[in-house]
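For reference, the structure is listed below as structure tokens.
Derivation of every value follows stated rules applied to the coordinates shown; laboratory data play no part. The model shown is predicted, which means the values in this text are computed figures rather than measured ones. Cβ coordinates were reconstructed from backbone atoms using ideal geometry, including for glycine residues, and neighbour counts include every protein chain displayed.
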Amino acid sequence: MISIKGLRKVFTSENKELTAVDDLTLDIKEGEIFGVIGYSGAGKSTFIRLLNRLEEPSSGNVVIDKQEITALKANELRTARQDIGMIFQHFNLLWSRTVEDNIAFPLEIAGVPKAERVNRVQELIRLVGLSGREKAYPSQLSGGQKQRVGIARALANNPKVLLCDEATSALDPETTNAILDLLVDINQNLGLTIILITHEMHVIRKICHRVAVMEQGKIVEQGDVLEVFTHPKEKVTKKFVAQVMGSDEHDQSEELYYLIENFKKGKLIRLHFLGETTNQTLISQLAKNFPVDINILQGKITQTQAGGYGTLVIQFSGDSSEIEKAIQFIQKETSVEVEVIKDAK
Amino acid sequence: MLSNIKFDDIWTATYETLYMTIIALIGTAILGVLLGLLLYLTSKDGIWESKTANAVVASIVNVFRAIPFIILILLLFPFTDFIIGTVRGPTAALPALIIGSAPFYGRLAEIAFREVDKGVVEAAHSMGAKTRTIIFKVLLPESMPALISGLTVTAIALIGFTAMAGVIGAGGLGDFAYFYGFQRRQFDVVLLCTILILVIVFIIQFIGDLTSNKIDKR
Ligand SMILES: Nc1ncnc2c1ncn2[C@@H]1O[C@H](COP(=O)(O)OP(=O)(O)OP(=O)(O)O)[C@@H](O)[C@H]1O
Ligand SMILES: [Mg+2]
């Protein structure tokens with residue numbers, strides 16, 4: 001769907017050269033939510049702006065939906081941009097226009113006739129959940145509502161691709177979640193390909209299918225979100241994963257020692273959830289099917305687009321052969337990995 | 001008091017002042033916004049970025065702003081004579097009034113455009129907007145309150161200019177105060193002209209502030 005080859009952007013200012021995006025090659029599939037994460041100054045914004053040529057690339061090419069964006073003339077580029085929606089960290093709405101007129105703006109640019117515009121705007125307002133606020137001005141809206149207007153506006157001309165630069169970074173956590181849910185809805189219902197830039201790993205975790213980690217203009221690691229979460233290779237990636245899981249090995253071993261010391265009965269087991277999707281009621285199934293007692297001691301599980309990911313430490317007590325059967329059930333029937341921490345004699 | 005005043009003549013003078021101010025203000029608004037747009041669009045990172053074009057427009061603006069108004073009128077005599085056909089009367093004052101105040105307003109308009117959120121202009125670009133759309137649907141509406149309050153300031157300066165133009169024969173309240181009041185030592189005439197000019201200034205200021213506040217939805 002989107003293919004980026006050898007993309008590079010060099011800024012020259014006062015004789016100094018700064019390579020903001022450095023020989024970047026990437027393929028993004030149709031209908032996926034692709035996240036790009038990196039610390040401030042990594043070149044994320046520059047990268048996403050190169051895709052619709054708000055920033056002119058120094059070299060390399062970008063193909064979106066079989067159209068080579070980097071080869072287009074100015075007027076062709078304007079038409080192509082109507083098929084690429086974009087939303088911004090600071091919303092960038094026209095304060096002089098009402099909600100409905102802001103959403104109508106891209107339709108005016110595309111030359112959609114008035115009557116059709118009115119209908120389309122109504123549809124979009126319903127889609128983003130802003131019914132009743134049509135006549136409000138941006139200054140009368142909350143941040144989350146402003147971003148909904150931004151999203152409606154970006155979707156107005158039925159684009160195939162949506163570019164989001166830090167779309168939730170100016171919002172509080174609750175509003176962030178609501179906006180992310182809206183993006184997932186749009187992705188699923190409209191089949192839109194979404195590229196999302198962020199510096200927050202929980203955003204990636206919550207909605208992205210694949211992720212690329214960016215550092216100093218380069219992509220240092222990429223893959224399925226779950227894969228990157230379970231096996232981060234680079235140091236930056238590990239730091240980002242720790243943002244969400246909060247786990248660092250040292251901490252864990254100390255806590256583990258505490259558990260071993262204090263729960264001496266039965267079997268201590270650590271369950272590793274690696275994107276379990278089919279068997280979401282594991283604990284209650286265990287309790288129903290096996291005459292064992294289960295005590296949940298510690299855990300952190302987080303939801304990704306590919307299912308739950310994380311660990312859970314439990315204590316099994318009861319008849320040891322029943323415990324064995326329960327463990328075998330987990331191993332056979334689910335993708336959850338079992339690690340025995342301590343086995344009481 | 002007021003025994004020297006012929007009210008018919010005062011009304012004519014007031015009418016002439018209003019006529020000069022309003023017509024010149026319209027001319028100034030159009031020419032000034034054009035100059036402001038040129039300055040803004042040709043500046044660094046502008047849509048028509050060009051050092052040369054920017055320097056040319058900027059120097060024209062600066063030169064005309066630097067010429068004292070009374071000298072500008074004299075300087076423009078041949079030009080005025082050529083396009084209006086006379087150098088006397090309120091209409092003949094218009095070219096000098098417009099050329100004298102448009103550069104000033106041009107600078108105010110440029111500042112107003114600069115204050116438009118860059119992100120909004122960028123959003124319009126990302127939707128595929130043409131330059132014309134960006135000018136008429138983004139820059140002008142988004143800077144309208146600042147353009148209006150700038151126009152109010154300019155209008156008040158313009159009234160001052162009309163009074164000066166009056167002294168060299170343009171008519172209006174300045175003319176009246178000078179010839180009928182000052183030269184004939186009828187001080188009450190000067191006083192009445194002053195009051196009338198102040199009233200016009202306050203009305204313009206009031207209308208300007210009201211409009212600017214009303215359209216400002218920020
Ligand atoms: N117009 C420009 N001129 C010169 N340098 C620039 C320009 N835009 C960006 N840069 C530089 O390019 C580098 C990457 O900037 P960019 O804005 O892409 O980072 P980012 O990853 O989006 O950071 P943040 O998370 O803070 O938004 C930075 O070092 C920045 O200073
Ligand atoms: Mg950025």
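Couple of notes before you dig in:
- Mean Cβ neighbour count within 10 Å, used as a protection proxy, ranking A:77-90, B:81-94 highest first: A:77-90, B:81-94
- Crossing angle, helix B:187-215 versus chain B [Cα axis fit, 0-90 degrees, rounded to tens]: 20 degrees
- Chain B: calculated mean residue ellipticity at 222 nm from DSSP helix runs of at least 4, using -39500 (n - 2.57): -25500 deg cm²/dmol
- Averaged over the residues of A:85-93, the number of partner chain Cβ atoms lying within 10 Å of the residue Cβ comes to 4.
- Within a straight-line Cα-Cα reach of under 17 Å, residue A:44 can be paired with the following lysines, leaving aside sequence neighbours fewer than 8 residues apart in one chain: A:5, A:9, A:218.
- More than 25 angstrom apart: percent of Cα pairs within chain A: 60 percent
- Across all directions, the shadow cast by the convex hull of chain B built on its C-alpha atoms averages 13.7 square nanometres.
- Simple Cβ-charge dipole of chain B, Lys/Arg +1 and Asp/Glu -1, about Cα centre, in debye nearest 20: 300 debye
- Rg over Rh for the stretch A:107-160 works out to 0.96, both radii taken from alpha-carbon positions and Rh defined as the Kirkwood radius.
- Only helical runs count toward this figure. For chain A, summing -39,500 (n - 2.57) over DSSP H runs of n ≥ 4 and dividing by all residues gives -11500 deg cm²/dmol at 222 nm.
- Alpha carbon centroid spacing (whole Å) that separates the stretch A:202-222 from the stretch B:43-82: 53 Å
- Rounded to the nearest 20, the Cβ-based charge dipole of chain A about its Cα centre (Lys and Arg +1, Asp and Glu -1) stands at 740 debye.
- Inter-part distance where the stretch A:91-152 and the stretch B:153-206 are each reduced to a Cα centre, Å: 49 Å
- Whether the stretch A:254-344 is rounded, prolate or oblate, judged on the alpha carbon gyration tensor where a/c under 1.5 counts as rounded: oblate
- Excluding same-chain neighbours fewer than eight residues apart, the aspartates and glutamates reachable from residue A:114 by a Cα-Cα span under 13 Å are A:100, A:101.
- At q = 0.15, 0.18, 0.22, 0.23 Å⁻¹, base-10 log of I(q)/I(0) for the stretch B:33-97 (Debye sum, equal scatterers on each alpha carbon): -0.61, -0.73, -0.85, -0.88
- Under a Gaussian network description of chain A, with springs only between Cα atoms under 10 Å, the residue in A:102, A:119, A:61 that fluctuates furthest is A:119.
- Cα long-axis angle, helix A:114-127 against chain A (0 to 90 degrees, to the nearest 10): 20 degrees
- Degrees separating the helix B:51-66 axis from the principal Cα axis of chain B, which is the longest one: 20 degrees
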